[in-house]
Amino acid sequence: MISNNKYDYIICGGGASGLLLSSALISDSFFDDKKILIIEKEAKVDNDKTLGFWDSKETILDEVVFKEWEYAEFKDSEFHNSFLLNPFKYKMIKSSKFYSHLGEKISDADNFTYLNANIENIDQENKIVKTDNGEFQSSIIFSSIYDDKEIKFNKYPLLKQHFIGWTIETKDQSFDDNKITFMDFSVDQKNEIRFMYILPFSKNKALVEYTLFSSSVIDDE
């Protein structure tokens, strides 16, 4: 249990959004004297996802970028186009490196407290976060925790995007390691929206991912 339960800011969720917000607050001297609590249910150490983003300039994340690409291609069964992304590049980060890099930055910040706990309720009206490790108060509460009960989207059908990927290695040099396959719609659509994309790490190693949109969550099988 943390003895002092009052903070200036509470950040609920220690994934990409929570960590990037924490980094931004640490980088701004305005927050140096503010007490900030970040709550995440479990320690973030595994390489559990791939983070990809576009950028045309240097960022605070460049030192943990695993790979970047200058070219991309788009195709379907009847069309193919390869193009230069300039002034942008597509950049990829392995989440384990992302977690450790920003986690160290938070750990070194004297005004930050990092708590591993399950969040049971966020009371925005009374500014209280209830966890299985105590209740905490703050003037401002940020939350990036997904709650499908709070989503109200009645105008159009709400579709869920699914991803499954494999890192593959070939005997021959099969990839252009400076070009991503951004979207490949030449796969069987099965009356849905499906495509593949490829992020080559080298000329014979790449992340190949398959994605589709569905109205319901699809079983892993």
I'd like to check something: does the range 134-141 contain any residue that is within 24 Å of the chain's Cα centre (by Cα), crowded, with 18+ Cβ neighbours inside 10 Å and under 24 Å from Thr50 (Cβ atoms)?
no
Restricting to the range 171-221, name every residue that is farther than 20 Å from Ser77 by Cα, basic (Lys, Arg) and part of a strand (DSSP E or B).
Lys205
Please specify each residue of the range 51-78 satisfying the condition of being hydroxyl-bearing (Ser, Thr, Tyr), surrounded by fewer than 16 Cβ atoms within 10 Å (Cβ to Cβ) and more than 17 Å from Leu102 (Cα to Cα).
Ser56, Ser77
Residue hits (the range 21-48; surrounded by 16 or more Cβ atoms within 10 Å (Cβ to Cβ) and under 13 Å from the mean Cα position of the chain (by Cα)) are Leu21, Lys44
Keeping to the range 21-46, report how many residues are part of a loop (DSSP other than H, G, I, E, B) and free of Cβ contacts under 8 Å to residues at least 60 places away in the same chain.
4
Can you pull out the residues in the range 87-99 that are touching a Ser or Thr at 6+ places or on another chain (Cβ under 9 Å), of a type outside the set (Gly, Ala, Ser) and either within 30 Å of Ala43 (Cβ to Cβ) or at pLDDT below 95 (or both)?
Lys91, Met92, Ile93, Lys94
Can you tell which of Ile140, Ile145, Ile164 is in contact with a Cys (Cβ under 7 Å, 6 or more places away or on another chain), in contact (Cβ under 8 Å) with a residue 12 or more places away in the chain and within 30 Å of Ile11 (Cα to Cα)?
Ile145
Contact list please: Cβ distance under 6 Å, first residue in the range 195-211 and more than 16 Å from Thr170 (Cβ to Cβ), second residue small (Gly, Ala, Ser) and surrounded by fewer than 18 Cβ atoms within 10 Å (Cβ to Cβ), pairs at least six apart or on different chains.
Glu209/Gly165
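The values are calculated or read from the model by the stated rules, or taken from the named source; none is laboratory data. None of the values given here were measured: they were computed from a predicted structure. Every residue, glycine as well, gets a Cβ built from its backbone with ideal geometry; the counts of neighbours run over all protein chains shown.
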